[in-house]
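Enquirer: Dumping the structure here so I can ask a few things about it.
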Amino acid sequence: LERMSATRANSRASMTLDVLSPIVMLSGGAWFGHVRPVPALLLVAGGLLLFTLVEYVFHRWIFHGERTLDAFKKGHWNHHEDPLSDAALPFFLPPAITTSLVLLLSLAMPAGYALLLIGSVACGYACYDLSHYIIHARRFGHPLLRSWAADR
């Protein structure tokens, strides 16, 4: 799994699925879920906020924590050492987690709302993933942007 995670094919598949998954979930929730507009918008906003919390927790305590699995720490440290490498989570992991969460939440709420909530979390992840890639891959011309990207 570790070797596969460092391949260009995995990196490309991961980026593609990270973008397609929230599109499918949000579309499914909006069109097939029979949701009301105001609760739907609140769930989407809440999902985006939830993503920021989840990202902080993972980055702070799982990737940089003192008591974390060596695989997480090693993988993330490798990213800090070589931010332009093709290392990424296994391409199937984020979609599998989000699909599982939708199924689990569908036991407690209508499926359309579960799709919107988890789809918006996945959308936050996709936006983060794309912007993170751009920050590392792009050389910005403006000194302020270059300084900002260097801190990431």
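The values are calculated or read from the model by the stated rules, or taken from the named source; none is laboratory data. Since the structure is predicted, the reported quantities are computational estimates derived from the model, not experimental observations. Because the Cβ atoms are built from the backbone with ideal geometry, glycine has one as well, and the counts that use them run over all protein chains shown. All accessible areas refer to the heavy atoms of the entire protein, side chains included, with ligands and DNA or RNA removed. Shrake-Rupley method; radii C 1.70, N 1.55, O 1.52, S 1.80 Å.
Enquirer: Can you sort Glu55, Glu81 by 1.4 Å-probe accessible area, starting with the largest?
Expert: The ranking, largest first, comes out as Glu81, Glu55.
Enquirer: Using the heavy atoms of the protein chains alone and a 1.4 angstrom probe, what is the accessible area of the chain per residue in square angstrom?
Expert: 67 Å²
Enquirer: Could you order His59, His136, His64, His34 by accessible surface area, starting with the largest, using a probe radius of 1.4 Å?
Expert: So the residues, ranked largest to smallest area, are His34, His64, His59, His136.
Enquirer: So, taking all protein chains as they sit and a 1.4 Å probe, how much accessible area belongs to Phe140, in Å² rounded to tens?
Expert: 40 Å²
Enquirer: I'd like the accessible area for Tyr128: 1.4 Å probe, protein heavy atoms, all chains in place, Å² to the nearest 10.
Expert: 80 Å²
Enquirer: When the chain is fully extended, how far beyond the present Cα-Cα distance does Ala108 get from Trp148, taking 0.36 nm per residue of separation?
Expert: Going from the current span to full extension adds 10.2 nm.
Enquirer: Toward the positive end of the charge dipole of segment 1-122, about the Cα centre and with charges on Cβ (Lys, Arg +1; Asp, Glu -1), which of Ala40, Ser85, Leu50 goes farthest?
Expert: The residue sitting farthest along the positive end of the dipole is Ala40.
Enquirer: What does the highest-first list of 35-45, 13-23 look like by mean Cβ count within 10 Å?
Expert: Those peptides, ordered most packed to least, come out 13-23, 35-45.
Enquirer: Can you give the net charge of the other residues whose Cβ lies under 13 Å from the Cβ of Cys127, counting K and R as +1 and D and E as -1?
Expert: For residues surrounding Cys127, the net value is -3.
Enquirer: Right, another one. Tell me, what ³J(HN,Hα) does each residue in segment 134-140 have, in order and in whole Hz, if you take phi through Karplus 6.51 cos²θ - 1.76 cosθ + 1.60 with θ = phi - 60° and put x for Gly and Pro?
Expert: 4, 4, 7, 8, 9, 9, 6
Enquirer: Leu48 to Asp82: extension gain in nm, 0.36 nm per residue of separation minus the Cα-Cα distance?
Expert: 9.4 nm
Enquirer: If you don't mind, there's one more thing I want to ask. Roughly speaking, what is the centre-to-centre gap between segment 11-71 and segment 87-152 when only Cα atoms are used, to the nearest Å?
Expert: So the two Cα centres are separated by 6 Å.
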